[in-house]
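Asker: Have a look at this one before I ask anything.
The values are calculated or read from the model by the stated rules, or taken from the named source; none is laboratory data. These numbers come from a predicted model, not from an experiment. Every residue, glycine as well, gets a Cβ built from its backbone with ideal geometry; the counts of neighbours run over all protein chains shown.
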Amino acid sequence: MPAAVREPVLHRTRTVVVKVGTRVLTRSDGLLDQQRIASLSRQIDSVLATGRQLVLVSSGAVAAGMGRLGLTRRPRELPDLQAVAAIGQSLLVESYERALREHRRHAAQVLLVADDLHDRRRYLNIRNTLRKILDHQAVPIVNENDTVSVEELRTSFGDNDHLAAQVATLLSAELLVLLSDVAGLYDRPPEMPGARLIPHVKRIDSSVEALAHDRLGGLSKGGMASKIAAARMVTEAGGDCVIASGRSDDVLPRIFAGEDVGTLFTTRGEAMPARKRWLGWSADCRGSLMVDAGARDAIVSRGSSLLAAGIQAVEGFFTCGDLVSLATFDPDTTTAQAPFARGLVNYTAAEVRQIAGLKTEQIGEVLGTFPYEEVIHRDNLSVIRRGSTQPAATTATVPSPPNAPT
């Protein structure tokens with residue numbers, strides 16, 4: 001990839017969030033790989049030495065607990081999982097602190113659950129705390145609080161990738177680096193003959209999402225699909241993302257030297273305002289609205305508000321001021337597509353059901369009151385998915401091997 005693509009990314013990066021996966025941090029026997037943690041800490045120090053700030057989102061607590069307890073299988077019962085995570089978390093942070101101390105730096109443990117980011121006040125408190133930790137030149141080690149979470153532990157997909165993207169948007173970090181056991185995104189399953197690494201993705205759409213080839217099982221809970229989803233979140237919010245192999249002892253220095261490492265996903269545009277980032281990816285949704293293609297185009301392409309005329313269906317029960325998601329129907333299957341926006345609604349669910357599809361001037365006649373022209377004002381709308389759900393003609397920069405299988 002030309003240096004002209006990577007250099008602007010690195011030039012604007014002042015805060016970076018690095019996520020490291022379980023497969024990178026653990027050995028085959030389930031124990032933490034202390035040499036890998038030492039290497040990662042050395043690399044973190046090299047990034048901090050450039051004057052940048054770095055937050056580490058680290059998997060590995062459950063795996064570390066399994067290794068410490070001599071377990072060979074991941075527990076299935078929730079209380080057992082929580083206990084193993086608690087035991088492993090202390091070992092995980094202790095290992096980072098010991099390794100970072102070699103470079104005269106310190107680790108700061110930060111444990112989060114999804115509800116922490118749903119609530120606006122708690123969201124802001126977390127942001128302020130993380131910024132203060134960075135001001136003290138310590139390294140926040142962020143993980144999910146597995147000892148109190150329920151759904152997060154039961155899922156087998158996408159937990160810390162999503163958390164890392166949430167932290168990146170929360171801090172307005174310019175760059176998210178996802179370190180995995182694969183070198184990046186490939187044009188076919190990496191083990192297939194002729195598989196090629198894609199160095200640059202300009203836009204994430206269904207053709208890119210279709211390239212996710214996951215190998216679920218063992219200790220890890222994530223996969224390439226969750227990493228692409230995290231990259232989508234960050235690039236829609238105005239940041240960039242790199243997926244690369246965490247098993248290289250110099251992956252971070254090479255990334256920040258501008259080398260062609262892993263797969264770079266570049267931002268779609270300017271950074272989204274902080275409040276809209278919270279609305280788009282962290283606040284808790286209470287319902288959803290199905291809108292027509294014209295309303296979607298007006299919101300995504302022209303930054304318009306949502307009017308009653310564009311609404312086709314209502315799901316859930318919400319009140320005025322609640323957050324709802326917006327989606328369109330797939331015309332072939334009449335099922336809802338992935339949400340493309342989220343926003344604060346001006347009417348209750350019952351009221352929206354009454355006025356859906358009506359012209360603005362008819363609202364007062366139906367409801368007996370006319371408090372708002374818009375169902376959702378554009379200032380309270382956050383677009384989270386701009387790309388078409390259909391494959392783009394040119395989405396990624398892919399080297400084309402001769403006689404490649406189709």
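Asker: Would you call Ser245 out of contact with any Asp or Glu (no Cβ under 6 Å at 6 or more places or on another chain) and of a type in the set (Gly, Ala, Ser)?
Answerer: Yes, satisfied.
Asker: Based on this model, can you work out whether Leu176 counts as at pLDDT 95 or above and in a strand (DSSP E or B)?
Answerer: yes
Asker: Which of (1) closer than 25 Å to Asp119 by Cα; (2) at pLDDT 95 or above is the odd one out, the single condition Cys241 does not satisfy?
Answerer: Tallying (1) closer than 25 Å to Asp119 by Cα; (2) at pLDDT 95 or above, Cys241 fails exactly one: (1).
Asker: Looking at segment 126-140, is at least one residue at pLDDT 70 or above and assigned to a strand (DSSP E or B)?
Answerer: Among the residues of segment 126-140, at least one is at pLDDT 70 or above and assigned to a strand (DSSP E or B), which makes the answer yes.
Asker: Here's something else I'd like to know. Condition test on His162, is it modelled with pLDDT of 90 or more, buried (at least 18 other Cβ atoms within 10 Å of the Cβ) and assigned by TED's automatic domain parsing to the domain that holds Asp45?
Answerer: Here the answer is yes, as His162 does meet what is asked.
Asker: Can you find a residue that is closer than 30 Å to Met192 by Cα, in contact (Cβ under 8 Å) with a residue 60 or more places away in the chain, acidic (Asp, Glu) and surrounded by 17 or more Cβ atoms within 10 Å (Cβ to Cβ) anywhere in segment 225-237?
Answerer: no
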